[in-house]
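Throughout, read-outs are computed from the coordinates displayed, never taken from laboratory work. As the structure is a computational prediction, the values presented were derived from the model and not from experiment. Here the Cβ positions follow ideal geometry from the backbone for every residue, glycine too, while neighbour counts run over all protein chains shown.
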Amino acid sequence: MSHFEFENPYAFALLLLIICIYKCPASLKRIIFPHINLFSLKIGWFNRDRLLYSLILTLMVTALASPISYDSKSSHQRKGRDLVFVLDASGSMGESGFNKESSEDNKFDVLKKIISKFIAERFDDNVGVTIFGSYAYSSVPLTYDMNAVAYLINFLDVGIAGENTAIGEGIANAARLLKMGEAKEKVMILVTDGYHNSGSISPKDALSLAVKEKIKIYTIGIGKQGQFDEELLKLIAKDSGAKMFSAADATSLQDIYDEIDNLEPSQIRSQSYLNKHPLYIYPLFLAALLLLYMMRKRDVL
């Protein structure tokens with residue numbers, strides 16, 4: 001079955017120039033329409049020359065919009081990566097003062113805002129969220145629906161998984177979540193502001209599970225030096241083939257996510273057409289004939 005569409009439909013905005021044929025002063029018409037002498041001196045909306053000029057402009061804009069016919073169209077969903085945010089929601093993440101521009105925001109509020117912005121710019125990644133405190137759980141399963149992820153993140157809050165910091169539980173839970181994904185590239189972004197002090201799984205054992213699944217773990221320590229386990233975060237990132245970062249404030253945290261966005265770029269969807277036939281030549285040819293007719297009529301040639 002044959003289909004029809006315009007590849008550049010926004011070009012039809014140029015049809016607003018038709019208004020100028022009727023309303024613009026002569027000085028402006030000379031700039032937009034070089035052959036202003038083709039316009040009749042007669043006035044009136046239904047003047048034949050003006051209608052012809054409008055038709056020529058419409059045909060040229062239609063050609064510019066690139067009409068095509070095709071048998072079928074497919075979207076190349078070039079699968080990106082499975083990406084899970086592993087977020088510390090322990091009690092210490094409720095500390096305020098992390099954002100200098102908005103002192104009432106706590107660490108977790110700032111983190112949610114930055115993540116929402118980050119995922120808004122992803123295309124083909126399959127994203128999920130794991131929360132950890134005294135224990136860990138998957139708050140958002142892997143999904144391509146970024147709007148749903150951003151929406152569900154708003155309901156997360158400090159203490160939702162307990163007051164302690166079970167880093168090992170967080171990594172292990174995220175590893176199980178990523179194991180169910182089908183992408184070749186699997187990535188975690190682990191964020192914490194403390195030291196592992198809870199849970200039944202040690203960070204090193206959880207790291208072994210992640211490495212076995214070939215999962216890269218980017219680690220981010222939030223706060224001043226000494227407030228989080230920098231050595232552990234470096235070990236996790238190094239052994240998984242990723243990178244460790246530290247963020248002393250909201251600005252540096254945003255810069256880190258920008259860097260990760262460059263390190264793990266999101267692929268863009270593309271489309272292909274089967275038996276594509278460009279049709280722009282037909283309106284363009286008709287417009288040329290009408291223009292030649294008007295020029296000959298006015299003895300321009």
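So which trypsin sites (Lys or Arg not before Pro) in region 96-135 are both in a DSSP loop and have at most 14 other Cβ atoms within 10 Å of their Cβ?
Working: sites: K100, K107, K112, K113, K117, R122; in loops: K100, R122.
When the trypsin sites (Lys or Arg not before Pro) of region 96-135 are filtered for loop state and at most 14 Cβ neighbours within 10 Å, K100 remain.
Given 0.36 nm per residue, what is the gain on full extension from K204 to H3 after removing their alpha carbon distance, in nm?
Separation in residues times 0.36 nm, less the Cα-Cα distance, equals 66.7 nm.
Within 12 Å, Cβ to Cβ, of I131, how many net charges do the neighbouring residues add up to if Lys/Arg are +1 and Asp/Glu are -1?
Charge balance near I131 sits at -2.
Just tell me which aspartates and glutamates come within less than 12 Å, Cα to Cα, of K112; anything on the same chain fewer than 8 places away is out.
D88, D157
Could you work out the local net charge near T62, counting Lys and Arg as +1, Asp and Glu as -1, over the other residues with Cβ closer than 13 Å to its Cβ?
Once positives and negatives cancel, what remains is -2.
Please state the shape class of region 43-183: rounded when a/c is under 1.5, otherwise prolate if a/b exceeds b/c and oblate if not, all from the C-alpha gyration tensor.
Oblate, because a/c is 1.5 or more while a/b does not exceed b/c.
Which value in nm describes the separation of the simple spin-label points at Y10 and E182, placed 7 Å from the Cα toward the beta carbon?
3.3
How do T62, T219 rank when sorted from fewest to most other Cβ atoms within 10 Å of their own Cβ?
Ordered by Cβ neighbours within 10 Å, fewest first: T62, T219.
Taking the Cβ of A161 as the center, what net charge do the other residues with Cβ under 12 Å away carry, scoring Lys and Arg +1 and Asp and Glu -1?
-4
For region 81-263, just run the numbers: alpha carbon Rg, then divide by 2.2 N^0.38 Å, N being how many residues it has.
Relative to the rule-of-thumb radius for its length, region 81-263 sits at 0.91.
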